[in-house]
1. Give me the accessible area per residue for the chain, probe 1.4 Å, as a whole number in Å².
2. Quick one: 3J(HN,Hα) in Hz for segment 114-130, Karplus 6.51/-1.76/1.60 with θ = phi - 60°, rounded, Gly and Pro as x.
3. What residue among 253, 375, 107 has its Cα farthest toward the positive end of the dipole of the chain, where the charges are +1 on Lys, Arg and -1 on Asp, Glu, each on the Cβ?
4. Note down the magnitude of the dipole of the chain about its Cα centre, charges +1 on Lys and Arg C-beta and -1 on Asp and Glu C-beta and zero elsewhere, to the nearest 20 debye.
5. Given the peptides 282-288, 207-213, 158-164, arrange them by the average over their residues of other C-beta atoms within 10 Å, most packed first.
6. So if we plug the beta-carbon distance of residue 305 and residue 201 into 1/(1 + (r/R0)^6) with R0 = 30 Å, what FRET efficiency do we get, rounded to 0.05?
7. Highest mean first, what order results for 355-367, 88-100 on Cβ atoms within 10 Å?
8. On full extension of the chain, what length is gained from residue 150 through residue 323, given 0.36 nm per residue of separation minus the C-alpha to C-alpha distance?
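The values are calculated or read from the model by the stated rules, or taken from the named source; none is laboratory data. What you are looking at is a predicted structure, and each value in this text was computed from that prediction instead of being measured. Cβ: placed from backbone, ideal geometry, glycine included. Neighbour counts: every protein chain shown. The protein model used for the area step is the full one, side chains on, heavy atoms only, and it has no ligands, DNA or RNA in it. Shrake-Rupley method; radii C 1.70, N 1.55, O 1.52, S 1.80 Å.
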Amino acid sequence: MWRPTALACLVALAFGCDGAGGELDAGWPDVQPPVGDTGGDAVRGAVFYEDRVFDEGGFTGERVERPARGVRVQLWADGALLAEAFTEEDGAFALARGGLDAGDAVTVIARAEAERAGHTVRVADRARRPSVYALEEQGRADEAFRLIARADAEGGAFNVVDVSVDAFALYAPFVGEAAPTLTYRWERGRGFDCGSCYGDDEISLGGGFEDTDEYDDDIVLHELGHYFVDHYGRDTSPAGAHRDRQVEPELAYGEGLAYFFAAMVTGRPVIVDTFAGSNRVIDLERVLQNGESLDVFRGVTADGRLREEIVAGVMWDAFDGPSDAEPFDRVALGVEAVMAVLVDHFARWPFEDRGPSGIDLSDYLHALVCVAGVPEEDAARLAEDRAFPWSPAGCP
């Protein structure tokens, strides 16, 4: 969870990972039962998780209990699954207890898997046959249950789910049929060679103690951004190492888009990545890294390479509203117009390529003009502020 302050945050992780095979456990039913009012004949309670509060200085040490929204809850008795539902926005649930008596022994299990508008996510461990993280509480059918995932145990898994639900809520109205379930593979104390990375509907999320990502909300959303583009948009990124590097235009576009996606979901132009004893803060609006202005945040190299932060910064400026601090920025697309560009336009690739081969920032600027209706002069001013060489080429 982000605590708003004056500055900003984060930077990228290298792409490509060690992966892990195996199948998820059989506890992911095809049935998606809605939460319903079962009257008085129900086992009731709520599910929470501990969130670690952070700001531009890293984790503050504060832990806050938050409702686990939309997570699957199951009612078991005598080894049989009797009912299941999803939690409400406040974490509450009601499970029909059927023929159970009030004093009967029951077990309630809350799983780190959630649904929002038909879009589903789950967090599993890294075993060869991985299991979804879960909380379990035993009691009587007439008791009120309160389950909480602690930060030093399953809390990170439930935080990942909660952050993902926010992303689903943002883009679900614009993408039609839901993509296959998104699975995160994560374990506390274990990292991946890639740090964190995405591929084939699975995000490998770093859990190493030197670089934990389960509470780095912006990293979680960055990787989810790749999943979003994979299913609903398009990029032609070759993948590869990208953090703190000037890279080829297609790679800069793919990674910059993923960081912009994270900023769009959180509603702030700040990306935060925490490490043991340090952190990275990228302010897309003010073009700063850890409070400093870097020359590489503007312009391209002689062979056309650039930083991903340039891409993300231009996209953020096109998305947010104008301000006195940025008189050059007269574009304010908002979510709906951004989705029209990312989903309705880029998903139709191939189209007439602008600039370097493949999809890059030049193509995005062209789409601002020809798809979103941004005046050519205003799009050119966004590029000029980042010293990105672009000239309008007219619309078909």
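1. About 39 Å² of surface per residue is accessible.
2. Working through the residues one at a time gives 9, 9, 9, 6, x, 8, 10, 9, 8, 10, 10, 6, 10, 5, 4, 10, x Hz.
3. 107
4. 280 debye
5. Packing order, densest peptide first, comes out as 158-164, 282-288, 207-213.
6. Computed FRET efficiency for residue 305 and residue 201: 0.50.
7. 355-367, 88-100
8. 58.2 nm
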